[in-house]
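Undergrad: My questions all concern the structure below.
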């Protein structure tokens with residue numbers, strides 16, 4: 001999962017990127033998944049300003 005303004009989320013998602021602002025969350029079938037934290041990140045991300053394309 002890519003959060004294009006992920007550096008603004010708290011706590012910051014764990015996956016780094018070549019872009020300073022982008023952060024990633026790798027989701028794998030056999031890894032534990034913190035649904036509450038994921039939901040919180042999505043809610044936080046939805047409040048951030050969008051990017052003009």
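Throughout, read-outs are computed from the coordinates displayed, never taken from laboratory work. What you see is a predicted model; the values in this text were computed from it and never measured.
Undergrad: How tilted is helix 35-46 with respect to the longest principal axis of the chain? Cα atoms for both, answer in degrees (0 to 90, nearest 10).
TA: Relative to the chain, helix 35-46 is tipped by roughly 10 degrees.
Undergrad: Give me P(r) over segment 1-48, computed from all C-alpha to C-alpha distances, binned every 5 Å, as integer percentages.
TA: In whole percents, the pair-distance histogram is 5, 23, 34, 23, 12, 4, 0.
Undergrad: So what is the relative contact order for the chain, in percent, with contacts set as C-alpha pairs under 8 Å and at least six apart?
TA: Values: 54 pairs, mean separation 17.7, N = 53.
Across the chain, relative contact order equals 33 percent.
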